[in-house]
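The values are calculated or read from the model by the stated rules, or taken from the named source; none is laboratory data. Bear in mind that the values here come from a model prediction, so they are computed numbers and not experimental data. Please note: Cβ atoms are built from the backbone with ideal geometry, for glycine as well, and neighbour counts cover all protein chains shown.
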Amino acid sequence: MARRSGERVAAAGRQASAGRRAAGGARAGRGALAAFRAQYGRILEWIVIVLMAVLSIEVSAGVVFRFAGHALSWYDEVASVLLAWLTFYGAALGSVRRAHIGCPELVDAMPWRWQRRTRIVAQLLVIAFFVLLGVIGARVLPVLATDDMVSLPQVPMSIVQSVIPISSLLIVVAEALRLVELVRATAPEAPATVPIGDATQ
């Protein structure tokens, strides 16, 4: 009898130890994912900062040269391209920061299990859209390789339009990180209820 009791205690101890190791591994995985996401966001942030700085310098130079009577022939076209690049790379940064406009009230009103399923399906649809956009954008680049910018003939349009497949890939990575978080998510703990009689005045 004592031997069986000892075996049960040992088995329970092994199960508890395995549970602690699994929980520790899950926490380590979430920590590594969060660290990668933060580093990824910083890289995109610097790309956006550089593009904003270059656009500001280019616009300022264009204004100065125009007032001086020597307008730059490539000013308008390059400014348009930089603004488009800033928009696409900024969208990738917004995906990492979860900063895009949304309307989560309807999903938040669902039971947690349906919230999780709905958000996973939404993430899959977003990823599928940007995969499709990236593939189509990449297929278009060889077609545009024979075209050049009007004001800068030495710059092919394939370089200008490369922002579409590149930013699509960056957004897919960001959304995939979010998908992993949703798949690993567990139900939130219910708030502890305090009996009315025990509530402090």
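A few notes on this one:
- Residues of segment 75-82 include none that is in a helix (DSSP H, G or I), of a type in the set (Asp, Glu) and within 30 Å of Leu182 (Cα to Cα).
- Residue within segment 3-16 that is hydroxyl-bearing (Ser, Thr, Tyr), over 24 Å from the mean Cα position of the chain (by Cα), at pLDDT below 85 and assigned to a helix (DSSP H, G or I) present: yes
- Answer from Ser168, Ser158, Ser151 - the residue that is modelled with pLDDT of 95 or more, surrounded by 13 or more Cβ atoms within 10 Å (Cβ to Cβ) and not β-branched (Val, Ile, Thr): Ser168
- Residues (under 12 Å from Pro188 (Cα atoms) and surrounded by fewer than 10 Cβ atoms within 10 Å (Cβ to Cβ)) located in segment 105-120: Pro111, Arg113
- Hits in segment 17-49 (condition: of a type in the set (Ser, Thr, Tyr) and modelled with pLDDT of 90 or more): Tyr40
- In summary, Met52 fulfils each of the numbered conditions (1) under 24 Å from the mean Cα position of the chain (by Cα); (2) modelled with pLDDT under 55 with the single exception of condition (2).
- Taken together, the residues in segment 93-125 that are farther than 21 Å from Arg37 by Cα and in contact with an Asp or Glu (Cβ under 9 Å, 6 or more places away or on another chain) amount to 1.
- Residue within segment 153-169 that is under 24 Å from Ala91 (Cα atoms), in a loop (DSSP other than H, G, I, E, B) and among the hydroxyl-bearing types (Ser, Thr, Tyr) present: yes
- Close pairs (8 angstrom Cβ cut-off, 6 or more residues apart or separate chains): without any contact (Cβ under 8 Å) to a residue 24 or more places away in the chain in segment 97-125, of a type in the set (Gly, Ala, Ser) and assigned to a helix (DSSP H, G or I) anywhere: His100/Ala91; His100/Gly94
- Unmet requirement for Trp112, which otherwise passes all of (1) modelled with pLDDT of 90 or more; (2) in contact with a Pro (Cβ under 8 Å, 6 or more places away or on another chain): (1)
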